[in-house]
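Written below as structure tokens is the structure these notes are about.
Each value in this text was obtained by applying a stated rule to the coordinates, not by laboratory testing. This structure is a prediction, so every number in the text was calculated from the model and none was measured. When we count neighbours, we look across all protein chains shown, and the Cβ atoms used for this are built from the backbone with ideal geometry, even at glycine.
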Amino acid sequence: MLDQPVAITVRPSSEMDVPAMLAIYTYYAQFGLGDYQAEPLRPDDIKRRRKAMLNRRLPHLVAEQAGLVVGYAYAVPFLKRPAYRYAVKHSIYVHKDHVRSGVGRRLLPVLIDACAQAGFRQMVCYIDSVNAASLRLHESVGFERSGVLRSVGFKFGHWTDTVLMQRALGPGGATPPSDPAPEIEKS
Ligand SMILES: CC(C)(COP(=O)(O)OP(=O)(O)OC[C@H]1O[C@@H](n2cnc3c(N)ncnc32)[C@H](O)[C@@H]1OP(=O)(O)O)[C@@H](O)C(=O)NCCC(=O)NCCS
């Protein structure tokens, strides 16, 4: 009999997930294409960021498979100025041993829905131009390329381009926003 694929579930992250998220992130900070951050993250950094996002009702999610955290994704305000309060940008990371097995494809739509439910209207992502996996993942869930920022990064000894991708949430820009602004409501 063929083995059944192990289900991937998505749920809000908890503080217990911080070590697993840190391990996933640290690998990419050192070797990956996803992030430009050179400084290593500490558990408190992820804890603090997670709390700050949850206080603003921004989703912070993990994907779990067979009881293991295999990926995480979260949204932050696109820009701090109030005019941009209906737009978010997001990050997504899948454990290096679980890439290309559908985790991102399962996780990202849940993040998109959570941001739409929270009242945000646009979702924005910056992706390294050679990050084929992330470009494909985002295209497959409705993101479009809005432009390329040339030579804005310098890592591993060379300049890197960043692709700006965007997706509307709910009615997007077709109707005025609902008030109060979602991300400035404090729970
Ligand atoms: C980018 C990332 C989140 C993708 O997640 P994933 O779980 O590996 O992707 P999935 O298996 O769900 O595949 C999603 C789509 O991308 C495609 N894809 C995945 N890896 C790919 C690769 N290396 N090259 C080309 N396409 C790829 C899949 O075929 C699938 O396409 P489809 O929807 O048309 O079938 C994951 O590779 C990752 O965490 N990378 C490192 C961190 C990072 O770059 N984060 C994003 C920063 S912007």
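Contact order normalised by length for the chain, with contacts defined as Cα pairs under 8 Å and 6 or more residues apart; what percent is it?
21
Provide 78, 31 in ascending order of the number of other Cβ atoms located within 10 Å of each residue's Cβ, fewest first.
31, 78
List the trypsin sites (Lys or Arg not before Pro) within the range 97-140 that fall in a DSSP loop (any state other than H, G, I, E or B) and whose Cβ has at most 16 other Cβ atoms within 10 Å.
Passing sites in the range 97-140 are 100.
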